[in-house]
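Engineer: Before I ask anything, here is the structure I am working with.
The values are calculated or read from the model by the stated rules, or taken from the named source; none is laboratory data. Everything quoted here is computed from the prediction, not taken from an experiment. Cβ coordinates were reconstructed from backbone atoms using ideal geometry, including for glycine residues, and neighbour counts include every protein chain displayed. With ligands, DNA and RNA removed, areas are computed over all heavy atoms of the protein, side chains included. Shrake-Rupley method; radii C 1.70, N 1.55, O 1.52, S 1.80 Å.
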Amino acid sequence: MRTVAVTGGIGSGKSAVCSILAERGIPVYDSDSAAKNLYRKDDTLLDSIEEAFGCGIRQADGSLDRARLASIAFSAPDKLRQLESIVHPAVLTDFKRWNAMQSARFENMGCSGTFFGKEPFCVMESAIILDKPDFLALTVKVVMVDAALEQRLRRACERDQAPPEKIIQRIAAQRFDLSKVDAIIRNNGTFARLRSETEKVFGGLEF
């Protein structure tokens, strides 16, 4: 099934856009949630992570100590690349399996109002897809969600219960190559306005 990527920086509202699409019945794959689910359920993945980062990344019950792993992985760029080299192939495999299931669900649907008058497609939500060629190659279009800095900062602080300084550091660390983006959704108003903008952008996508 054809895939449209939805990306954007912290606090931009990409998850809100994906929730609007999911309400219509469009399948949405949340890459971050999928990775967390794999951490919980994929013993082979956990074994590989433990081999790379040591037995201290498991808690007493055998589950992944995500806070400990994050402290190690984000301590140096090479550590993060090492973690991504383990986790991203697992997420990629999981997405392909999920995508095949969605293709089977909508195999004979044809063009539908659910999909803005187009043949069925699915959505991959990912903040980092523009920097990941293996994932980007699976998409037909990329839609970026953006918002004013003050709004992004407010949303992220409220959501994560984090101080502004920490959020600003995370925002500053994110970079987006706009040459790889096909459309932008501006999220500077109400949820109703975001819904209207989302429908306008997705209704106008050509693929």
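Engineer: Among Ile20, Ile129, Gln169, which residue has its Cα positioned farthest towards the positive end of the charge dipole of the chain, with +1 placed on the Cβ of Lys and Arg, -1 on the Cβ of Asp and Glu, and the dipole taken about the Cα centre?
Structural biologist: Ile20
Engineer: Another one. When the label point is put 7 Å from the Cα of Lys200 along its Cα-to-beta-carbon vector, which residues of segment 4-35 have a backbone N closer than 18 Å?
Structural biologist: 13-14, 17-18, 20-21
Engineer: Quote the relative contact order of segment 1-81 in percent (integer), defining contacts as alpha-carbon pairs under 8 Å separated by 6+ residues.
Structural biologist: Details: 34 pairs, mean separation 10.5, N = 81.
RCO, segment 1-81: 13 percent.
Engineer: To continue, here is another question. Within the chain, which is the longest segment containing none of the GluC sites (Glu not before Pro) that sit in a DSSP loop and have at most 14 other Cβ atoms within 10 Å? Mind showing how you got there, number by number?
Structural biologist: Numbers: sites that count: Glu107, Glu206.
Answer - 1-106.
Engineer: Run the simple label-point estimate for Arg105 and Gln169 please: 7 Å along Cα→C-beta, distance reported in nm.
Structural biologist: Here the answer is 3.9 nm between the modelled labels.
Engineer: Please list 3J(HN,Hα) in residue order for segment 39-54, calculated via the Karplus relation 6.51 cos²θ - 1.76 cosθ + 1.60 where θ = phi - 60°; whole Hz, with x for glycine and proline.
Structural biologist: 4, 7, 10, 9, 5, 5, 5, 4, 4, 5, 5, 5, 4, 7, 10, x
Engineer: Another question, then. For helix 164-173, what angle does its Cα long axis make with the longest principal axis of the chain, in degrees from 0 to 90 and rounded to 10?
Structural biologist: Its long axis makes an angle of about 80 degrees.
Engineer: To the nearest 500 deg cm²/dmol, what mean residue ellipticity at 222 nm is calculated for the chain from DSSP H runs of n ≥ 4 alone, each contributing -39,500 (n - 2.57), summed and divided by the residues? Walk me through the numbers on the way to the answer.
Structural biologist: Working: 9 runs with 110 residues, N = 207.
Helices in the chain give a 222 nm mean residue ellipticity of -16500 deg cm²/dmol.
Engineer: Can you send over the carbon and sulfur percentage of the accessible area for the chain, probe radius 1.4 Å, protein chains only?
Structural biologist: Working: 5610 of 11080 Å².
After summing per-atom areas, the C and S share lands at 51 percent.
Engineer: While we're on this one: Which value, in Å², gives the accessible area per residue of the chain when a 1.4 Å probe is used on the protein heavy atoms?
Structural biologist: Values: 11080 Å² over 207 residues.
I get 54 Å² per residue for the chain.
Engineer: Which entries of Lys41/Lys79; Lys41/Lys200; Lys36/Lys118; Lys79/Lys200; Lys79/Lys166 show an alpha-carbon separation above 30 angstrom in the structure shown? Intermediate results must be reported in sequence, preceding the final value.
Structural biologist: Details: Lys41/Lys79 23 Å; Lys41/Lys200 38 Å; Lys36/Lys118 32 Å; Lys79/Lys200 41 Å; Lys79/Lys166 21 Å.
Those over the limit are Lys41/Lys200; Lys36/Lys118; Lys79/Lys200.
Engineer: From a point 7 Å beyond the Cα of Gln151 in the direction of its Cβ, which residues of segment 166-185 have a backbone N at a distance under 15 Å?
Structural biologist: 184-185
Engineer: Based on the Cβ-Cβ distance of Leu80 and Thr190, what FRET efficiency does E = 1/(1 + (r/R0)^6) give at R0 = 35 Å, to the nearest 0.05?
Structural biologist: Details: r = 36 Å, r/R0 = 1.04.
The formula returns an efficiency of 0.45 here.
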